[in-house]
Amino acid sequence: MIKFFIGIDFSKKTFDATIIERNKLDDKGIHCTFTNSLSGMKRFLSWVAGHTYMATSDDLLFCAEDTGLYSRVISDALSESGYFIWLESALRIKRSLGISRGKNDKKDSRDIAVYASRYQDKATRYVVPDERLEAIKALFMRRRFLKEQLRALKCRNKEMQPILKRNKLLGKSFRSDDRLGEAYRKEITSIEKEIRELINSSKELKQTFLILTSMKGIALVNATALIVYTANFKKFDYDARRIASFWGVAPFGQASGTSLHVTPHVSHYADKYLKSLLTEAVLCAMKFCPIIKSYAEKLLARGKHPNIVKNNAKNKMLHILVAMVRDGKVFQDTNERKIA
């Protein structure tokens with residue numbers, strides 16, 4: 001039985017914490033601010049122990065917004081120390097507050113503690129990410145950054161061509177962009193090689209990678225994205241609908257009474273970059289993967305809009321991939337019914 005709820009609001013240099021006792025949600029709680037570091041972590045735990053009457057770790061529930069790098073130091077330390085730390089979506093916490101006026105770090109930490117108390121049945125324990133998956137994700141994000149820089153460089157050079165033709169003095173400066181672009185491409189190739197090596201160094205990740213890439217349209221980038229953002233599919237418990245929602249390809253409708261009837265549409269609450277990668281994969285699959293190609297042709301024959309066809313094909317593709325990984329089977333064109 002949880003006796004104390006500790007809400008944490010992270011920022012870059014500090015974090016605010018508020019302790020609220022069970023059945024006393026109307027109280028202001030006990031608040032304090034600490035530095036976002038390991039030394040601040042030690043002071044934080046001493047402060048918690050002093051205001052929770054030396055309660056055991058089983059009596060405490062720590063809850064915080066998942067703010068990426070800013071929340072890692074304290075969250076990792078709490079998890080490794082055996083405490084139950086729950087990292088929740090900032091949007092979900094915000095939507096749960098209802099009508100709320102004013103905002104500051106102290107208030108936010110209290111709101112998080114209240115949220116933890118009211119929704120403790122939905123709490124999920126934060127686990128320190130696997131080092132290999134964390135390294136692969138860091139490389140994946142670096143590759144994305146370099147690809148964006150390379151694209152921006154190409155776009156700028158293309159736009160500058162009319163000026164370069166008129167002004168010869170700019171030639172030397174912009175010729176260096178060719179060397180810079182080549183450096184970007186070499187670094188991207190090196191990163192992709194390193195990602196492959198890390199995946200191959202793990203028997204489990206290697207198996208998942210081989211299963212995913214057995215389907216036409218899925219190559220290194222999409223397979224890596226699926227592995228790192230789903231924690232090798234364990235984060236979503238092999239639930240294809242949840243993964244499709246995260247990728248932004250699962251349609252949701254709206255209906256209320258007799259006046260509101262909206263046909264299903266995809267939600268904008270999704271990772272648009274992952275969705276764009278999957279779009280490239282499905283365009284390839286619609287040409288070379290018999291199952292996806294046949295499915296898309298059937299939808300087009302029924303008069304569906306091409307964009308709806310692409311989205312439904314992406315949704316089906318994800319469902320097939322999840323089933324393949326769950327069952328440990330590579331893709332086979334003749335086993336559509338068995339895999340899907």
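Before moving on, here are some points about what is shown:
- Residue identified as crowded, with 19+ Cβ neighbours inside 10 Å and either over 19 Å from residue 144 (Cα atoms) or not assigned by TED's automatic domain parsing to the domain that holds residue 144 (or both) among 208, 258: 208
- Residues being of a type in the set (S, T, N, Q) and in contact with a Gly (Cβ under 6 Å, 6 or more places away or on another chain) - total across segment 1-46: 1
- Residue in segment 111-134 that is part of a helix (DSSP H, G or I), more than 14 Å from residue 17 (Cβ to Cβ), free of Cβ contacts under 8 Å to residues at least 60 places away in the same chain and not acidic (Asp, Glu) present: yes
- Leading residue by the ranking (farthest from residue 84 (Cα to Cα)) among those in segment 107-139 that are of a type in the set (Val, Ile, Thr) and out of contact with any Ser or Thr (no Cβ under 6 Å at 6 or more places or on another chain): 136
- Yes/no for residue 270 being in a helix (DSSP H, G or I) and either surrounded by 18 or more Cβ atoms within 10 Å (Cβ to Cβ) or touching a helix residue (DSSP H, G or I) at 6+ places or on another chain (Cβ under 9 Å) (or both): no
- Number of the condition not met by residue 226 [criteria: (1) surrounded by fewer than 17 Cβ atoms within 10 Å (Cβ to Cβ); (2) modelled with pLDDT of 95 or more]: (1)
- From the options 150, 139, residue that is touching a Phe, Trp or Tyr at 6+ places or on another chain (Cβ under 6 Å), assigned to a helix (DSSP H, G or I) and over 26 Å from residue 23 (Cβ atoms): 150
- Of residues in segment 111-141 being surrounded by 15 or more Cβ atoms within 10 Å (Cβ to Cβ) and basic (Lys, Arg), the one farthest from residue 229 (Cα to Cα): 132
- Positions within segment 59-74 being within 20 Å of residue 30 (Cα to Cα) and part of a helix (DSSP H, G or I), in sequence order: 59, 74
The values are calculated or read from the model by the stated rules, or taken from the named source; none is laboratory data. Remember, it's a predicted structure, so these values are computed and weren't measured experimentally. So basically every Cβ, Gly included, is an ideal-geometry build from the backbone, and we count neighbours across all protein chains shown.
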